[in-house]
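Notes to accompany the following structure.
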Amino acid sequence: MSPRATRIAVFDRERLSGMLECVHGSARQGAVEYVSALVGDGPEVYLDNAKVTALALVVDGRVVPLILGARESGNAAVCSLRAHYVDYTLHEFARRHPRVPGWLVGTLSAPLQALLGSSDVDDAVFVNNWLLTTNPPLQLTEPQTAELTEMLTARYPRRAIVFRSINPVLDERLFANLRKIGYAFLRARTVYLLDTREGRHLRHQNVRTDLKLPRQTGYCRRAGAAALRNEVTRLTELYRGLYLAKHTPLNPAYTEEFVRLTLESGFLAYLALTRHHRVESFASYFADRAVMTGSLIGYDRQRPTDVGLYRQAVALLVAEAAEREVILNLSAGAGSFKMYRGCSAVQEFDAVYCAHLPAQRRALWHTLGRITRARSRRSASINAPNLSSV
């Protein structure tokens, strides 16, 4: 008997009401509400810098967002390959090497900017793109992956198909399936995993010190929508003050509507530290049976650095992960900080399918692949935790 075909459906704003009939009851908490909001209201309601189109993709009862990229300036790196691979890289280089003249950086990067600036590299279909810096894993069998790819290439014959933030440790089966089907892998970034199972994280002095900080500094922990629904403006302010004002406007510019939606729906869980009834630090996450993934973080940058508000925000996530006895994905950035706390560095990839595109378009993707391989020659994973026992 031949295996049954994968049931795949795509819903836009006009057909959104029919989505619920296709979604089974085991969907991730808040996922249906979150995707419905992205599709129904439009991504720009929830991110100031996401001038893209959101659709709802349902694969055998599971709903995930399908994002149609656009050649728009100012889009966040979570929905623009040009922003991620060119603009973000240049911004980080300039920040880390302030003595290098801007004109020199511009000259060295001019060929790549010209290549991507004159192309339609952002005219891509992003599968499972929740407009988060790290996406929830998508568990697909090889037949599901193949049939989904076939459907998308037929539906979008002039767009590359892109699976963002594929982690070969946490998404091992999907990584293998995509490779078999013919996807190319672009080295996207390095993320950091902490194994909190069996108390292994407590072997590191920095972790033990961080976990004591809230008690030593007099902060109180608050968690959940009931405790934090009146703090949406403050949470948004703390996130934007860190990721947009301190770092780069290429980070997703989440709005109050985004924080309210993810908090109230439960799609993200929020933990906060307060002092004198004022939120001064917070962290958010999503979780499944084996892995917990940190998402938005923010803290009051006006407070003295020796208070260690970032350390305390990360410690909130570590303590929660330890209680669940899972692997904690702390996403990218602050690599030295995370490695000193026992994290393993793992290379994350964007998986791209472009076999259906004209030769000139395929050449663009192959060139971008060579550039990312040259930029990051580290192995795919370094001392990565073993998930086989989970």
Point to revise | Sequence of Glu320, Glu14 from largest to smallest accessible area, 1.4 Å probe | key: Glu14, Glu320
Check your understanding: Once you put a point 7 Å from the Cα of Thr217 and another 7 Å from the Cα of Asp123, both along the Cβ direction, what distance in nm separates them?
Key -> 4.9 nm
Exercise for review: Can you tell me how much longer the chain between Arg13 and Glu33 gets when fully stretched, taken as 0.36 nm per residue apart minus their C-alpha distance, in nm with one decimal?
Suggested key: 5.8 nm
Point to revise | Proximal lysines to Lys212, defined as alpha-carbon separation beneath 26 angstrom and excluding residues fewer than eight positions away on the same chain | key: Lys338
**Study point:** Residue (of Ala269, Ile371, Leu38) at the positive-pole extreme of the chain, dipole from beta-carbon charges
**Key:** Ile371
Revision key, fill the gap. Output row, site Thr209, 7 Å Cα→C-beta label point, backbone N cut-off 20 Å, window region 322-344, residues 334-344
Point to revise | Cleavage-rule hits (trypsin sites (Lys or Arg not before Pro)) in region 277-336: DSSP loop, at most 12 neighbouring Cβ within 10 angstrom | key: Arg289
Study note, to complete from the structure: Here, Ala363 and Ala227, labelled 7 Å along Cα→Cβ, have an inter-label distance in nm of 5.8 nm
**Study point:** Additional length obtainable on full extension of the chain from Arg275 to Glu21, 0.36 nm per residue less Cα span
**Key:** 86.9 nm
Review point. Straight-line reach from Lys51: which lysines have Cα under 28 Å away, leaving out those fewer than 8 places along the same chain?
Key: Lys246
Exercise for review: Rank by packing, highest mean first: peptides 182-194, 219-231, 132-144, with packing defined as the count of other Cβ atoms within 10 Å averaged across residues.
Suggested key: 182-194, 132-144, 219-231
Study note, to complete from the structure: Measuring from its Cα centre, the chain shows a charge dipole (+1 at each Lys and Arg Cβ, -1 at each Asp and Glu Cβ) which, in debye to the nearest 20, is 1260 debye
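Where in region 310-341 are there chymotrypsin sites (Phe, Trp or Tyr not before Pro) that are in a DSSP coil and have at most 13 other Cβ atoms within 10 angstrom of their Cβ? Walk me through the numbers on the way to the answer.
Working: sites: Tyr310, Phe337, Tyr340; in loops: Tyr340.
Listed in order of number, the matching sites are Tyr340.
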Point to revise | Positive dipole terminus of the chain, leading residue within Ala315, Ala5, Val162 (C-beta point charges) | key: Ala315
Review point. For region 156-291, what Kirkwood radius comes out of the mean inverse Cα-Cα distance, in Å?
Key: 18.3 Å
Review point. Given the protein chains as shown and a 1.4 Å probe, how many square angstrom of Lys180 are accessible, to the nearest 10?
Key: 140 Å²
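Sorted by packing (mean other beta-carbon atoms within 10 Å per residue), highest first, where do 250-260, 66-76 land? Provide the component values of the computation, followed by the final result.
Values: 250-260: 21.4, 66-76: 19.3.
In decreasing order of mean packing, 250-260, 66-76 become 250-260, 66-76.
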Revision key, fill the gap. Unit-weight point scatterers at every alpha-carbon of the chain, Debye formula, q = 0.11, 0.12 1/Å: log10 I(q)/I(0) is -0.81, -0.98
Point to revise | Selected from Tyr254, Gln347, Val232, residue furthest toward positive end of dipole (the chain; charges at beta carbon) | key: Gln347
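Can you sort Thr153, Thr248, Thr53 by solvent-accessible area, 1.4 Å probe, largest first? Write out the running numbers ahead of the final one.
Values: Thr153 25, Thr248 0, Thr53 70 Å².
Heavy-atom accessible area, descending, gives Thr53, Thr153, Thr248.
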Check your understanding: Using r as the Cβ-Cβ distance of Leu202 and Glu256, and R0 as 51 Å, what FRET efficiency do you calculate, to the nearest 0.05?
Key -> 0.85
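The values are calculated or read from the model by the stated rules, or taken from the named source; none is laboratory data. Keep in mind the model is a prediction, meaning the values are calculated, not measured. Note that each Cβ is placed from the backbone with ideal geometry, even for glycine, and that neighbours are counted across all protein chains shown. For accessibility, only protein heavy atoms count, side chains too; no ligands or nucleic acids. Shrake-Rupley method; radii C 1.70, N 1.55, O 1.52, S 1.80 Å.
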